[in-house]
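Have a look at the structure below before the remarks.
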Amino acid sequence: MSNNTPQTMDTLIQQELKNPKFQKAYDQTVSTGNAAVALYEFRHELGYTQAVLAKKAGLAKSTIVRIETGIMNPRPETLQQIADSVGAHVELKFVR
């Protein structure tokens with residue numbers, strides 16, 4: 001049976017989340033996006049450019065760029081290295 005009613009993206013995602021492989025990939029994408037936004041906002045609060053933050057943290061500028069653009073899902077150790085370099089700490093939380 002064909003249903004010609006257009007579906008919203010939310011509806012499609014909810015349907016696909018029933019598939020464990022999709023769920024895992026989706027969760028990874030959300031995690032990467034959250035890290036990107038958090039680092040971007042943190043860097044801006046500090047008033048640092050990507051280059052300045054990278055230098056302080058002892059990382060390549062490209063690492064900061066890749067995290068902030070969502071290309072790279074950073075390891076917790078990398079986030080802690082960034083935080084340590086500016087006297088901050090990282091807080092992680094589990095959400096259901």
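Show that you can apply the helix-only estimate: for the chain, add -39,500 (n - 2.57) for every DSSP H stretch of four or more residues, divide by all residues, and state [θ] at 222 nm to the nearest 500.
Here the helix-only value at 222 nm equals -20000 deg cm²/dmol.
Leaving out ligands, DNA and RNA, what percent of the accessible area of the chain is carbon and sulfur, probe 1.4 Å?
55
Using a probe radius of 1.4 Å on heavy atoms only, what accessible surface per residue do you get for the chain? Whole Å² is fine.
Each residue of the chain exposes 78 Å² on average to a 1.4 Å probe.
Given the pairs K56/K93; K21/K56; K18/K93; K55/K93; K61/K93; K21/K93, which span a C-alpha to C-alpha distance of over 32 angstrom in this model?
Table pairs above 32 Å Cα-Cα are K21/K56.
Order E77, E45, E68, E16, most accessible first, counting only protein heavy atoms with a 1.4 angstrom probe.
E45, E77, E16, E68
The values are calculated or read from the model by the stated rules, or taken from the named source; none is laboratory data. Note that this is a predicted model, so its numbers are computed, not measured. Note: accessible area is taken over every heavy atom of the protein model, side chains too, but ligands, DNA and RNA are not part of it. Shrake-Rupley method; radii C 1.70, N 1.55, O 1.52, S 1.80 Å.
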